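Take a look at the structure set out below.
Where a number appears in this text, it was derived from the coordinates with a stated rule and is not lab data. Fair warning: this is a prediction, and the values are worked out from it, not measured in the lab. Note that each Cβ is placed from the backbone with ideal geometry, even for glycine, and that neighbours are counted across all protein chains shown.
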Amino acid sequence: MTESIQTTALTALHIENGAKMVPFAGYSMPVQYPDGVLKEHLHTRAKAGLFDVSHMGQALITGQDAGAALEQLIPIDIQDLATGEQRYGFFTNSAGGIEDDLMVSRWPEGIMVVVNAACKVNDFAYLAANMRGDAKLNILEDLALIAIQGPSAKDVLARLGHDINDMGFMQCREIDIKGITCRMSRSGYTGEDGFEISVSNDHADALARILQADPDCAWIGLGARDSLRLEGGMCLYGHDIDTTTTPIEAAIGWAISPARRNGGVREGGFPGSDIILAQMPAKISRKRVGLKPTGRAPIREGTEIYDQQENRIGTVTSGGFSPSLSKPIAMGYINKQNAKTGTIVFAKVRGKLLEMEVSSSVFVANNFYRL
Amino acid sequence: MSETRYTEDHEWAELDGEVLTIGITDYAQGQLGDIVYIELPEVGRTLDQGEETVVVESVKAAGDVKSPVTGEVIEINDVLNDEPELVNQDPENEGWIFKMKMMEPEQYAQMQDKDSYTKFVDSLS
């Protein structure tokens with residue numbers, strides 16, 4: 001039995017642009033365009049990259065109780081999230097692990113959530129089962145999502161008549177691009193300034209063509225999306241974070257809102273909160289770190305990490321080549337005692353121990369636009 | 001006179017006397033994408049036919065180059081240590097990977113010629 005593969009509203013446009021399409025999370029998605037991963041990556045850092053991320057799940061939670069319903073499931077302050085603001089968060093489980101990560105934003109009509117494609121069926125079933133009071137989950141299957149990322153992203157919007165200097169990182173608003181109504185947030189998954197634009201499937205192709213007509217814009221596939229987020233130190237669900245990693249081990253405890261921490265106004269109350277909050281600050285046995293290989297060989301996901309005495313101390317969860325730095329980079333989990341920046345550790349690659357230095361996981365400084 | 005033959009693993013091998021120069025085909029480099037690292041074999045190493053000899057890492061994935069014949073590595077293309085992208089730019093000339101001295105010439109004779117390899121590649125798309 002073969003499962004049918006889904007398309008997005010932009011599939012035809014990707015093929016028209018020469019994309020190499022691959023199956024990803026049940027969708028046919030562009031992994032690269034004719035320029036290739038390296039050039040696409042560097043273009044995003046220099047100008048503006050366009051990404052089809054319509055495979056991600058989008059839903060609107062409506063009702064007075066929407067914030068309270070969502071707060072049962074994630075360690076984020078949603079009730080005090082103002083209209084026009086966005087936060088990063090994650091669904092936790094009773095063991096303190098992470099079921100998925102997501103973006104949450106508040107709109108006049110309700111709370112929007114954007115979740116990972118591979119998790120969306122489960123996430124939406126879980127959300128639906130946990131609605132309470134008048135909170136209602138509305139899965140928005142008729143929406144596409146286009147990201148525009150890079151230092152020129154704001155200029156592209158300016159050329160389309162949108163001066164958005166008053167809109168900061170992690171803010172959101174409705175905008176009209178040449179007659180097409182969109183929900184736009186100033187955020188993304190590359191470490192660059194940029195926007196994620198949610199638009200109806202009916203208008204997605206038209207909007208994408210408007211954006212791609214700008215000379216600063218080029219389409220970017222999943223290959224460069226991965227190397228961009230890795231350089232930016234961002235976690236990929238299912239790789240760097242999963243059901244067995246706690247947010248504190250994953251070094252994303254910063255996302256847990258003060259209101260939900262010990263002593264906060266709505267402390268705890270999310271799955272695994274006892275475990276997660278007890279680990280703050282840093283009462284953990286392992287930690288996600290950045291890894292800088294000394295040599296030229298890329299260190300891939302799954303590679304075992306050893307100390308000088310060849311004791312196993314960790315595992316690489318993402319790794320590859322950094323086009324911006326022209327050298328390999330990786331991230332992974334390491335025993336806490338070996339996780340200090342500057343520690344020399346070893347990756348076992350094809351039987352050889354290759355030296356790596358523990359570092360920050362942010363390899364290329366983020367370039368977010370903060371007000 | 002030299003002649004080039006091919007494997008279904010997308011390696012090419014050019015024979016000159018008893019020395020084979022080996023690399024990956026244009027199709028292979030296109031499939032791998034931007035190459036960022038090549039782990040070359042040691043000179044003097046003896047290889048069996050089909051033995052994994054070289055690791056080619058691209059931004060997307062790692063691929064193996066298998067030895068197309070049994071023999072001994074006699075030279076490697078050191079330039080690839082600093083310029084692995086040569087394999088993308090000129091896979092069947094400047095981007096050669098290693099040379100070996102063949103021990104069983106009939107293995108070479110059994111490899112595909114250019115026409116046969118071209119048909120094989122066409123059948124993949």
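Things worth noting here:
- Residue match in segment B:51-71 (condition: among the hydroxyl-bearing types (Ser, Thr, Tyr), within 17 Å of B:THR7 (Cβ to Cβ), assigned to a strand (DSSP E or B) and in contact with a Pro (Cβ under 8 Å, 6 or more places away or on another chain)): yes
- Residues that are facing chain A (nearest Cβ under 9 Å) and surrounded by fewer than 21 Cβ atoms within 10 Å (Cβ to Cβ) were ranked within segment B:53-80; the one that is farthest from A:GLY319 (Cα to Cα) is B:VAL55.
- Of the residues making up segment B:1-48, those that are small (Gly, Ala, Ser) and either within 14 Å of chain A (Cβ to nearest Cβ) or surrounded by 17 or more Cβ atoms within 10 Å (Cβ to Cβ) (or both) are B:ALA13, B:GLY23, B:ALA28, B:GLY30, B:GLY33.
- Residue satisfying condition, being crowded, with 16+ Cβ neighbours inside 10 Å and under 16 Å from A:ASN130 (Cβ atoms), within set A:LEU50, A:LEU60: A:LEU60
- Residue in segment A:273-307 that is surrounded by the fewest Cβ atoms within 10 Å (Cβ to Cβ), counting only those that are of a type in the set (Lys, Arg) and in a strand (DSSP E or B): A:LYS292
- Pairs are defined by a Cβ separation below 7 Å, a sequence spacing of at least 6 or placement on different chains, a first member in segment A:197-222 that is more than 19 Å from A:PRO151 (Cα to Cα), and a second member that is acidic (Asp, Glu); the pairs so defined are A:SER200/A:ASP142; A:ASN201/A:ASP142.
- Strands (runs of 3 or more DSSP E) within segment A:11-130 that include 1 or more residues in contact (Cβ under 8 Å) with a residue 60 or more places away in the chain and aromatic (Phe, Trp, Tyr): A:20-24, A:27-32, A:48-52, A:86-92, A:98-107
Yes or no, residue by residue, for (1) more than 21 Å from the chain's Cα centre (by Cα); (2) within 28 Å of A:PRO323 (Cβ to Cβ); (3) in a strand (DSSP E or B); (4) of a type outside the set (Asp, Glu):
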site	(1), (2), (3), (4)
A:ASN165	yes, no, no, yes
A:ARG183	no, no, yes, yes
A:SER187	no, yes, no, yes
A:THR190	no, yes, no, yes
A:VAL199	no, no, yes, yes
A:ASP205	yes, no, no, no
A:ARG209	yes, yes, no, yes
A:PRO215	yes, yes, no, yes
A:GLY223	no, yes, no, yes
